[in-house]
Structures are given as structure tokens and as C-alpha cells.
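Single-structure report; data block below.
We did not get these values from a lab; they are worked out from the coordinates using the rules stated. Just so it is clear, the structure is predicted and the values come from calculations on it, not from any experiment. Here the Cβ positions follow ideal geometry from the backbone for every residue, glycine too, while neighbour counts run over all protein chains shown.
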Amino acid sequence: MVVHSAAERVLAGLDPEQRSAVTAPAGPVCILAGAGTGKTRAVTSRIAHRALTGDISARHVLAVTFTARAAAEMRARLSALGVGGVQARTFHAAALRQVRYFAPRLLEGRAMPELLDSKVRVVTLAAAKVGLRADRAAARDLAGEIEWAKSSLVEPGEYVVAAAKALRETPYEPAKVADVFAAYERLKRGNGVIDFEDMLRAAVWGIEEHADVAEQVRGQYRHLVVDEYQDVNPLQQRLLDAWLGGRDDLTVVGDASQTIYSFTGATSSYLVDFPRRYRGATVVRLVRDYRSTPQVVGLANAVISQARGAEARLRLELHGQRPPGPEPDLRIFTDEPAEANAVAARCRALIDGGTPAREIAVLFRTNAQSEAYEKALTEAAVPYVVQGAERFFERPEVRQAMIALRAATRSIPGETPLAAAVVEGLAAVGWAPDAPPPGGAARERWEALAALVQLAEEYAATPEVVPIGEAVAIERPVTLGDFNEELARRAAQQHVPTVEGVTLASLHSAKGLEWDAVFLVGLAEGTLPTTYAKTPEQVEEERRLLYVGITRAREWLWLSYAAARSPGGRARRPSRFLPQLDRSGGGERAGAGAARRTERRRAQVVSCRICGATLLAGADRKLGRCPTCPSDLDEELYARLHEWRQRVAGAQKVPAYVVFTDATLTALAERKPGRTEELIAIAGIGPRKLGLYGDTVLALVAGAGVDDVCPQKSFEI
């Protein structure tokens, strides 16, 4: 009875689709989960419900995902549901545990090779071996190509053909990349080290080539769950197949519309083909979006509704469940500095209005765009942090800290609590857990190392469950050595800890995160989509990137682009994915008429008098400012204009808006025109109304009373 009640509590509060996912029968289950639809809740509730009803044993479940954060969240949610013992790990962490456990048997007593935390240093040496002088940026690009090849199960001798078939944009001539790849493999073997792909391959080899290992692994893990299944690469799929061993108790969760990592070897084909591979599979669609307002959801649907290709077959139309919020803010700026300054000013206003800096993000297509926003935010006195492992883990203080923590494993007793061990280890680089130093670089350095301590505290909250036999498992606290391995994985996977401040991030690194307020910037052709997107498939992935960016916002969303990179620079067009920003007229025919209409549109461009953005909505154009920019309304003038309009409308026996709309009255009371030229510049006041009311309005603005310009008796019947 107690178990039954606990299982029923798991189902409480689930929507009908989530409940269907949770209660689906054993066997292959595919959960297509749109952004913000509660996929983590659904999948953890499914595991918990099956465990609490006795359908499965929790210790026989292996749930794999792509980030340590997602794995930790799974474990925390399962614990809250009263289910412990489930192994929720990243692919790499799960493989490492298994390889390490079976190493004495597989390596016949030899020591397990050291795991590289970065390919760059070895790749640089490999490039030199084949006559290439690769700087750090080139070495990173080469490392990326090697990672793609190994994740795609491509050997050095197969690279040239595979790269051509995949239309790879290679950093060097493909044959040279293949030479570097081969030299890299030789250097690794000679130095007795392995990389993360080797570790996955070792786990596959251990199962495929050793029947006793396969039997033990499959006996331990009988029910598998894969999160973010659209991001699986061929090597990871092969490991998953090895774990399964032909069984089909598999639950996968994914969203084809969020497939954005194909450049790393990830492919949504396994998600798309799941129902064909597993005949009779249960397929559930989660479409109720609990993250974003209906306004944000509506824009996301509009963008992804134009998608084409294989992924579009699994496209989900989301339905917003939150109360209504503000419409997405669409803005055009003259150049990139103006765009960055306006974003910084708006961030400052949001923070001053009570929005925590950590709940604000500025997202862009490439990391190179970060610099302008770092500069603008600094000038606006807005704290920020750059998301992305490359920036965080390559900071000198973080690299020094990681070296110090590795060294500390030799001097700090193993029973020392993890957070205390990390604090003690960081003392070697001068960090102390007292108040941070004042402002500037010193404070930024302190906060970066403080983030490592906070990460250690979070990591220590999830003790390790280690299998020691067919029916026995033990729980042990995580150690400083475990934490060092976690840091190495995070550096390799671009997964950084949270630091207080506005987040600056690429759209790729923002995947899986969410904020109250999101700025999507630089939405111009050539940037999004990038000029490197040449095939229809590559263009569609760029569209999905924008979709992912939009769905990161809970409530407030800003989308913008600059008409030129720099002041006076060559004009650019807005991203083709944003029809709201595209003023081209929808494919208008060429000719004199089209040219005249184009010139007329150009003449009607109105900029915000406060932030400089191009105004798109009619009401905003009348006001001469964005709806979110501060109003400078003269309330006394507005009252006189309102009374005057009522008298005129009464005398003419017409509705008041026929004289002037409310928006026009507001614009007059804000902008307070003093000359005819300024009056006619207000949208809604054309030559006719200027002739009828121009002198009277100017007199009212100048301070005249309503009785002075239109005495009451003149309107008496």
C-alpha cells in the first residue's frame, strides 16, 4: 500500500502527455519533448514510477545524458521522488567508470592510461611532426576535426573521403588534416595517454570482445534511458547498442528541432528512425510549454514552422501554458556598436528594475561577437560572465587552480569533505573563502575560483554508487580525484559553472539553459545563417539555432541586428529566419513601381529617439520610442490635448480617434513639437490634419489653454 501510494504521488500533477510517457509499458519508448515541456520531469517520473511499482529495480537503470549538470539534476529529482541507486551519468562518465572497473581484467594488470583533458597540446605537436606550424586557434580547429572523425567512427586513412562526403570546412587541406590525425594517434600511443573518444571506444571494445564483461555490464544495466537523443553521435550509439545487447527496454527523449551539433558528429537520424528501428515502439509527444510566455512560444513556432528536411518531420507545435507576457522586442540598429550599447543600457535598466543579473543572457552566433558586448556592459557597469568552457577553463587562474587541485590529491587526506578539500587546494593559488576583493580583474578572478568551490559543493551532494557484483552495490562519497575528473570532462564538453552576472554565450553553449530575459543579437544575413551554411541541411541547422535561442527566454525576449558592422559600413539584411524584421515586401517584382515603394519605405524609417533602434510597430513609430524605453510624457499637456480633442470631436460629431488617436496625443505630449517641421514628423499627422489642427496644436504645446484656442461657446448648438 505504501509503495502504491508513492507511485500514485509520482503521477500527481503530470499533464496527460507526461502521464502517458510515464506509464508507457516496458520496451522501446520515444518521448518527443519540445523546449520547456518538462522532459526531465517526465523521464525521471517514468523511472521512479517503474521502480516504485516494482516493474524494475532502480539499481538496474542507467540513464545517460550529455552534461554533468543534467545528470546531477536527474539524480536530485529521483532522490526527491524517493528513488535512489539509479546511475545517471554522461556518456563519458559512464564509460570511464566501466573502463576503470574492468581495467585490471582488460589490461591484464597494466596501469590504465592517463586521460587527456585537452587535445590541443598533443595536436600542436602532431602538426609540427607533419610540417605544420599551428597556432592555438588552428590547433583547436584541428582538434575539432579529429574529434568529429573519431566520434563518427572515421579512421585517419578514411578521413579525406569522409570529410568530402560530409562537406566539412577543414582548417587545412584534408590530406594534411589526415596526416595530423595519424600523427596525433601515434603520439598518444607513444605517451601512454587516451582521449575521451578512446575511452568510449574502450568501453565498446570491452563489451563487444569480452563475453564475461558484456554479461556483467548487461546484468547490471537492464533498463536504459537516453536524454537529448537527437545529439547522439555514431560512437555513442555504438556504445548504447553494446550496453543493450539486442534488448529493447530503452527510453529515449529528444527534440529534432533542437539538433544543432552536427558539426561535432551528432545526428538526429537515430531519433528520427527510432520508430522504424523498434517496431511497435511507444511514441509520446510533449507539447505544453511551461517555460515561456505564449508570446515567446508563438515566435518560436513561427520560426520553426518554416523548417524543412528530415528533422522537420518530427516538428512539434508548442502550446504556451504561462500567463501572457510582453511581445518580443524586435529592433534594428545603424551599426554593431549602437546595438551593443543599447543592449547594455537595457540590461542595466532590467537589473535596476529588480531582475537578477544571472537571469539575463545575451546570445550570439559566434564567440567573436562577444567582445563588443563585454566592452558595452563594462562601460554600463553591468557585471557579466562569458559562458563556454574555452573562455572559463582557459583562464590562467582556472588552469592554475586545476593544476593545484590535481597536486592536492597527494597531500589532502582522502576522507576530507570535497568542498573543504577544494578550498584547501585553492589556497596554493592564493584563494581564500572570505570577502572578494573590490572591483575589477581581482574580483573577477576571485569569483571564477569561487565558482569551482560552489561546483564542488553541488558535486559532493551526489554520492557515487559503485557496482561490485551481480546483486551488490555500494555508495561512497566523491573524492577530490573524482572532482578533478569532473573538471576535465567539463572542460572537454564546454560545461562551465555558474558565476553571478549577465551571461554572454554563443547559441550553441546556451542549449539546455534558460533565463528570464534573453537578448538575441546580430541576427543578420551572413551571421545567422552564417556564410558557411551552404547546403539546405546546413541552413536548416542555422534555423534551429535561432529556435533554440528563442526558447531559452522565459518572459522577456529581445531580437536585434545592426544594418552595418561599423558606422558607415556596408548595409546588411536581417536574417531570413525573421520575417518580422524583413521589410523586403515578400518577393516584390523588380521595376519602377517596386523601386518607388522601396524608396517610400526607406523614407518612412523611424528611429527611437532614446536608444536609436529602428521602430517597426505603428504605435511605437508615432511615439518615436520603443515601448520599453522610458517615457517623458508631459501629463499636464496631455490632459489639455485630450480635452481639446473631445471638444473638436463633439463639434464635428465624430469619434475622438478621428481627430487624433491616443497614440498621437501621447506622442505630442512626449515630443512637444515647437515647429511645423517637428509636428509633421510625428507619424499620424499628415498635410490634411496639419492644415486643420497644426496651429492649434502648436499653441497648446506652447502653453495655451483649451479655452484660448477653442472657447466652449463656439461648440454650443
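Say the dipole of the chain comes from +1 at the beta carbon of Lys and Arg and -1 at that of Asp and Glu; which of Tyr459, Gly190, His319 then lies farthest toward its positive end?
About the Cα centre, the residue reaching furthest to the positive side is His319.
What residues qualify as long-range amide H neighbours of Leu504, i.e. H under 5 Å apart, gap of 5 or more or another chain, H built at 1.01 Å from N?
Val362, Val385, Val386, Gln387
Using just the Cα positions, wrap the chain in a convex hull and report its mean projected area in square nanometres, one decimal place.
Values: hull surface 159.7 nm².
Quarter of the Cα hull surface area: 39.9 nm².
Quote the charge dipole size of the chain about the Cα centre in Debye, to the nearest 20; the model charges only the Cβ of Lys and Arg (+1) and of Asp and Glu (-1).
On the way: 91 positive and 88 negative charges, 339 e Å.
Magnitude of the dipole: close to 1620 debye.
Per-residue counts of other Cβ atoms within 10 Å, averaged by peptide: what ranking do you get for 192-199, 206-213, highest first? If you can, show how the numbers build up before the last one.
Details: 192-199: 19.1, 206-213: 15.5.
Per-residue mean Cβ counts within 10 Å order the peptides as 192-199, 206-213.
So how much slack lies between Arg121 and Asp662, counting 0.36 nm per residue of separation and subtracting their Cα-Cα distance, in nm? Could you put the intermediate results ahead of the total?
Working: separation 541, 0.36 × 541 = 194.76 nm, distance 6.53 nm.
Extra length from Arg121 to Asp662 when fully extended: 188.2 nm.
What lysines could a cross-link reach from Lys119, if we take a straight Cα to Cα line under 21 Å and drop same-chain neighbours fewer than 8 places away?
Partners found: Lys129, Lys150, Lys176, Lys188.
List the residues, sorted by chain then number, that are 5 or more residues from Gly320 or on another chain and whose placed amide H is less than 5 Å from its amide H.
When sequence neighbours closer than 5 places are left aside, the close amide H contacts are Asp289.
Please report the relative contact order for the chain, taking Cα pairs under 8 Å with a sequence separation of at least 6, and give it as a percent rounded to a whole number. Don't jump to the answer; show the numbers that get you there.
Details: 1137 pairs, mean separation 95.1, N = 717.
Once divided by the residue count of the chain, the mean separation gives 13 percent.
Rounded to the nearest 10 degrees, what's the angle between the helix 480-493 long axis and the longest principal axis of the chain, both from Cα atoms, 0 to 90?
50 degrees
Show me the ranking of peptides 96-103, 688-695, 423-430 by mean Cβ neighbours inside 10 Å, starting with the highest.
Numbers: 96-103: 19.6, 688-695: 13.6, 423-430: 17.9.
So the peptides 96-103, 688-695, 423-430, ranked by packing, come out 96-103, 423-430, 688-695.
Mind checking the full-extension length gain between Val283 and Leu187? Use 0.36 nm per residue of separation minus the Cα-Cα distance, one decimal, nm. Provide the component values of the computation, followed by the final result.
Numbers: separation 96, 0.36 × 96 = 34.56 nm, distance 4.61 nm.
Full extension of this stretch gives 29.9 nm more.
What lysines does Lys672 reach when the alpha-carbon gap must be under 20 Å and sequence neighbours fewer than 8 apart in one chain are set aside?
Lys622, Lys689
Normalised radius of gyration for segment 187-274, please: alpha carbon Rg relative to 2.2 N^0.38 Å, two decimal places. Numbers along the way, then the final one.
Numbers: Rg = 14.6 Å, N = 88, 2.2 N^0.38 = 12.1 Å.
Against the compact-globule rule of thumb, the ratio is 1.21.
In whole Hz and in residue order, list the ³J(HN,Hα) couplings for segment 163-168 that follow from phi through the Karplus curve 6.51 cos²θ - 1.76 cosθ + 1.60, θ = phi - 60°; x for Gly and Pro.
So the Karplus estimates, Gly and Pro as x, are 5, 5, 5, 8, 6, 5 Hz.
Only bridges whose two residues both fall in the chain count here: according to DSSP, what percent of them are antiparallel, nearest 5? Present the calculation step by step, with values, prior to reporting the outcome.
Values: 9 of 55 bridges.
Taking every DSSP beta bridge with both residues in the chain, the antiparallel ones total about 15 percent.
Choose one of Gly674, Gly549, Ala21: the residue whose Cα lies farthest towards the positive end of the charge dipole of the chain (beta-carbon charges +1 Lys, Arg; -1 Asp, Glu; about the Cα centre).
The listed residue farthest towards the positive side: Gly674.
Could you pull out every one of the lysines with an alpha carbon less than 25 Å from that of Lys375, ignoring same-chain neighbours closer than 8 positions?
Lys511
Quick check: Cα centre of segment 527-555 to Cα centre of segment 1-74, how many Å?
Using only Cα atoms to place each centre, the spacing works out to 31 Å.
Could you tell me whether segment 87-231 comes out rounded, prolate or oblate from its Cα gyration tensor? Rule is a ≥ b ≥ c as square roots of the eigenvalues, rounded for a/c under 1.5, then prolate if a/b exceeds b/c, otherwise oblate. Walk me through the intermediate numbers first.
Values: a/c = 2.32, a/b = 1.68, b/c = 1.38.
Prolate.
Taking the Cα-to-Cβ direction at Arg313 and at Glu208 and moving 7 Å from each Cα, how far apart do the two end points lie in nm?
2.6 nm
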